[in-house]
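Structure first, then comments.
Here, each number is a calculation from the coordinates, and none is a lab measurement. Since the model is a prediction, treat every value here as computed from it, not as a measurement. Positions of Cβ are backbone-derived with ideal geometry, glycine not excepted, and every protein chain shown enters the neighbour counts.
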């Protein structure tokens, strides 16, 4: 599972506390002994980034009393993280950790809901998320998706070959593109070649060229169901992925078409979790 490094965590804190906590220091309570705990409110959550929260606390000398791993389902009104130490440190870390857990656990919980609904139709279905993360949140977002039971469809353009129409426009004829496609496939024998297609005609064309995976983009449910049947009969070895506008309310329909993978951006737009924080003097 992905982990943010110490430098990334300290940069996250620095955004909120660039020059110390003026309120806490002004009241002279920095050295008071305190405890802080994080709990769910009225809704259950799938946790994510608790390891990062714990690491940040340890960097700044807080003692960990209780922690629960990312990917754990937490019932309502349950404490899942508790720390103790100086009040000044607790106040500095408080909101950074809460924001991190709120965002990450919101993404994880939404992803878990997608997986639960999808796997009620097909237990083997895979839920994958795109690389369209909110800028500067990729590691947090992907870890949260994994915590919820999903995977990253594509971490970036460096590790996979995914052919879009924007690549094909540089070839003046289908024949020239076909020649290039064969060359790419031959020169990258350890990679599967993915092609995004927008209709059945394109799907059949690239399947015949030797595509390993077809990404069926923005197909209607009716068109997708028909295409899956035809492609399965003619090219049973090809992996089929559906993408484009897939969310909680329609994922069951897309899974029912028979694709093996659902690709979606929707977890990144999930509502943040509503995590409760309590700080007490000891």
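Most tightly packed first, judged by the mean number of other beta-carbon atoms within 10 Å of their residues, the peptides 60-69, 106-115 read 106-115, 60-69.
Between residue 252 and residue 184, the modelled labels are 3.8 nm apart [label points 7 Å from Cα along Cα→Cβ].
Computed from the C-beta positions of residue 5 and residue 158 and an R0 of 30 Å, the FRET efficiency is 0.95 to the nearest 0.05.
When shorter helices are ignored and each DSSP H run of at least 4 residues is given -39500 (n - 2.57), the per-residue value for the chain at 222 nm works out to -13000 deg cm²/dmol. Please state the shape class of the range 168-245: rounded when a/c is under 1.5, otherwise prolate if a/b exceeds b/c and oblate if not, all from the C-alpha gyration tensor. Because a/c hits 1.5 or more and a/b exceeds b/c, the range 168-245 counts as prolate. For the pair residue 134 and residue 55, a Förster radius of 25 Å applied to the C-beta separation gives a FRET efficiency near 0.70, rounded to the nearest 0.05. For the range 257-272 versus the range 126-145, the inter-centroid distance based on Cα atoms is 11 Å. For the chain, the longest principal axis of the Cα atoms and the long axis of helix 138-147 meet at an angle of about 90 degrees. Paramagnetic label reach from residue 281 (point 7 Å along Cα→Cβ; backbone nitrogen cut-off under 15 Å): within the range 9-25, residues 24-25. With a/c under 1.5 counting as rounded, go ahead and sort the chain into rounded, prolate or oblate using the C-alpha gyration tensor (a ≥ b ≥ c being the square roots of the eigenvalues; past the cut-off, prolate if a/b is larger than b/c, else oblate). Taking the square roots of the gyration eigenvalues as a ≥ b ≥ c, the chain is prolate. From most to least packed by mean Cβ count within 10 Å, the peptides 170-180, 125-135, 258-268 give 258-268, 125-135, 170-180. Against the chain, whose longest principal axis comes from its Cα atoms, helix 174-187 is set at around 60 degrees.
Between residue 171 and residue 69, full extension at 0.36 nm per residue minus the direct alpha carbon distance yields a gain of 31.7 nm. From most to least packed by mean Cβ count within 10 Å, the peptides 153-160, 204-211 give 204-211, 153-160. Relative to the longest principal axis of the Cα atoms of the chain, helix 221-234 runs at roughly 60 degrees.
Its Cα gyration tensor gives the range 85-206 an equivalent ellipsoid, and the semi-axes of that ellipsoid, as √(5λ) in whole Å with the largest first, are 40, 19, 12.
Here the translational diffusion coefficient of the range 1-89 follows from Stokes-Einstein with Rh set to the Kirkwood radius across Cα pairs; for 10 °C and 1.306 mPa s it amounts to 111 µm²/s. Looking at the chain alone, DSSP beta bridges between its own residues are antiparallel in about 50 percent of cases. For the pair residue 82 and residue 121, a Förster radius of 30 Å applied to the C-beta separation gives a FRET efficiency near 0.15, rounded to the nearest 0.05. What does the C-alpha gyration tensor say about the overall shape of the range 122-269? Classify as rounded when a/c is under 1.5, otherwise prolate if a/b is larger than b/c, or oblate. Here the range 122-269 falls in the oblate category.
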